[in-house]
Amino acid sequence: MTGRGVDQVFAHPSSPVLYEPYVRSALEYVAMAERSNGPIAKPVEFSYVWGDAVEEIERVAPAARIINLETSITTSEDLEPKGINYRMHPANIACLTAAKIDCCVLSNNHVLDFGPSGLVETICTLRKAGIKTVGAGRNLAEALAPAAIDTGANSRALVFAAGTADSGIGAGGAANEAKPGVALLADFSDRTVSRLSEQVAKLKRPRDMAVLSIHWGENWGYEIPQRHQTFAHNVIDGAGIDLVHGHSSHHAKGIEVYKHKLILYGCGDFLNDYEGIAGYERFRSHLVLAYFVTIDPETGALLRLEMTPFETKRFRLCRAGGEDNEWLRSVLNREGKALGSQVNLDRYRLVLKWRRPKARE
């Protein structure tokens, strides 16, 4: 989330005026971060917020870099009366290109914070910067259309995206044939799985990896609703999905490998302006993870998942220390136990281990 307070530290901030119940200026979020960890030398370079993550991403050199972008990028004043409204000025788009982002998922509950005009400007700004968008559009067809990322060796990552009502997306935010909006799932039914299956089958070629990026569930709490787990299993079984990329939770949740396919139920935040906000300290949401996934393009099976922990300080990602890494390991092990997964700490990286199905006799 590169809007609101984060947007204020770049060279071209939006108006800081907010309409939140308790905070009336985005500059207060900057002040809270500074009170917590020290001053920010504004304006910062566009790569500043990525901090130590830049080196780590370059080390891994992933073939596809996919994020959930939970802010609008707009100068629109078409403010939605929801109380919490995120936006970043379009002139600050280089903060995303600095990390060489390939695809922004937009099927979330903040991309429409400044109305349909704000969404359209967001899409246009991203595409002009060479970044693919998925999960929202100027009409339903565009919102449902996947993004295709060339991953080399005659392979592609096909990114499908959707959001759900239980993440805070209202029915009025859904795209239709004549209205901009997000790709909103009607429900988690077999019919919904079948529709996704038809869409994937039309586009997926041999050696393609199909990703479903889905914005679902509450912001806080480790519980994984049964309907989410059942749906994740069903889209793997019935729709040809190879990776479920779940988001909405502000902290990492349990991880599952189902029939060799990776399910990330909640990745947690990566960039945001929540530094210094009180109330949810037990989740340590200032600790974040970069997920580096290796998939076999022939089968879609997970080969390896490495996660690199970072800590947010002054809106910048810094490598997390040993105690923080150990805390993250213990949480992921606790939450992964019922899902058949655990993580080991390999120096400063977390490596997933999972229960593999027994071979047939």
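The values are calculated or read from the model by the stated rules, or taken from the named source; none is laboratory data. It should be emphasised that the depicted structure is a prediction, and the values quoted were computed from it without experimental measurement. Counting neighbours? That spans all protein chains shown, and the Cβs are built from the backbone with ideal geometry, glycine included. Side chains are part of the model used for accessible areas, which takes the heavy atoms of the whole protein and leaves out ligands, DNA and RNA. Shrake-Rupley method; radii C 1.70, N 1.55, O 1.52, S 1.80 Å.
Computed over the Cα atoms of region 1-119, what is the ratio Rg over Rh, Rh following Kirkwood?
0.98
Positive end of the dipole of the chain, charges at C-beta (+1 Lys, Arg; -1 Asp, Glu), about the Cα centre: which of 291, 67, 94 has its Cα farthest in that direction?
So the residue furthest toward the plus end is 291.
Putting +1 on Lys and Arg Cβ atoms and -1 on Asp and Glu Cβ atoms, find which of 244, 209, 272 reaches farthest to the positive end of the dipole of region 132-272.
My answer, from the dipole projection, is 209.
Return the label of the correct value of P(r) over Cα pairs in 20 Å bins from 0, in percent, as calculated from the structure shown, out of [x] 25, 54, 20, 1; [y] 30, 57, 13, 0; [z] 31, 61, 8, 0.
[z]
May I ask you to derive the FRET efficiency for residue 351 and residue 178 from their Cβ-Cβ distance with R0 = 35 Å, giving the value to the nearest 0.05? Walk me through the numbers before you get to the answer.
Numbers: r = 48 Å, r/R0 = 1.37.
Efficiency computed from Cβ-Cβ geometry: 0.15.
For the chain, what does the helix formula give at 222 nm: sum of -39500 (n - 2.57) over DSSP H segments with n ≥ 4, over the residue count, nearest 500 deg cm²/dmol?
Counting only the DSSP helices, I get -7000 deg cm²/dmol.
For residue 82, give me every one of the lysines with a C-alpha distance below 24 angstrom, ignoring sequence neighbours fewer than eight places off in its own chain.
Partners within reach: 179.
Determine the gain in length on full extension of the stretch residue 100-residue 296; use 0.36 nm per residue of separation and subtract their C-alpha separation, reporting nm with one decimal.
Net length gain for the segment: 68.2 nm.
Mind ordering 20-26, 2-8, 117-123 by average Cβ neighbours within 10 Å, highest first?
The most tightly packed comes first, giving 2-8, 117-123, 20-26.
Set the Förster distance to 22 Å, then compute FRET efficiency between residue 154 and residue 58 from the Cβ-Cβ distance, nearest 0.05.
Step by step, r from the Cβ atoms, then E = 0.35.
Can you spot the aspartates and glutamates whose alpha carbon is less than 17 Å from residue 259's alpha carbon? Ignore those fewer than 8 places along the same chain.
Counting by Cα, and skipping residues close in sequence, residue 259 has these aspartates and glutamates nearby: 237, 242, 296, 298.
Roughly how many nanometres apart are two label points built 7 Å out from the Cα toward the Cβ at residue 334 and residue 82?
So the two model labels end up 3.1 nm from each other.
Calculate, for residue 139 and residue 189, the FRET efficiency according to 1/(1 + (r/R0)^6) with r their C-beta to C-beta distance and R0 30 Å; round to the nearest 0.05.
0.80
Roughly speaking, what is the stretch gain from residue 326 to residue 75, that is 0.36 nm per residue apart minus the C-alpha to C-alpha distance, in nm to one decimal?
Extra length available between residue 326 and residue 75 comes to 86.1 nm.
To the nearest 20 debye, what is the magnitude of the charge dipole of the chain about its Cα centre, counting +1 on the Cβ of each Lys and Arg and -1 on the Cβ of each Asp and Glu?
It comes to approximately 860 debye.
Over the chain, with the other protein chains present, what is the accessible area per residue in square angstrom, probe 1.4 angstrom?
Numbers: 15790 Å² over 361 residues.
Solvent-accessible surface per residue comes out at 44 Å².
Based on the mean of other beta carbon atoms within 10 Å per residue, what is the order of 297-304, 102-109, 65-72, most packed first? Show your work: numbers first, answer last.
Details: 297-304: 15.0, 102-109: 27.0, 65-72: 24.4.
With the highest mean Cβ count within 10 Å placed first, the list reads 102-109, 65-72, 297-304.
Please identify the trypsin sites (Lys or Arg not before Pro) of region 179-240 that satisfy two criteria: DSSP loop assignment and at most 16 other Cβ atoms within 10 Å. Which are they?
207
For residue 313, which lysines qualify as cross-link partners when the Cα separation must be under 26 Å and same-chain residues fewer than eight apart are set aside?
Of all the lysines, those that pass the test against residue 313 - Cα under 26 Å, at least 8 places apart if same chain - are 42, 100, 253.
Give me the extension gain from residue 15 to residue 227: residue separation times 0.36 nm, minus the current Cα-Cα distance, reported in nm with one decimal.
Working it through step by step, the gained length comes to 72.3 nm.
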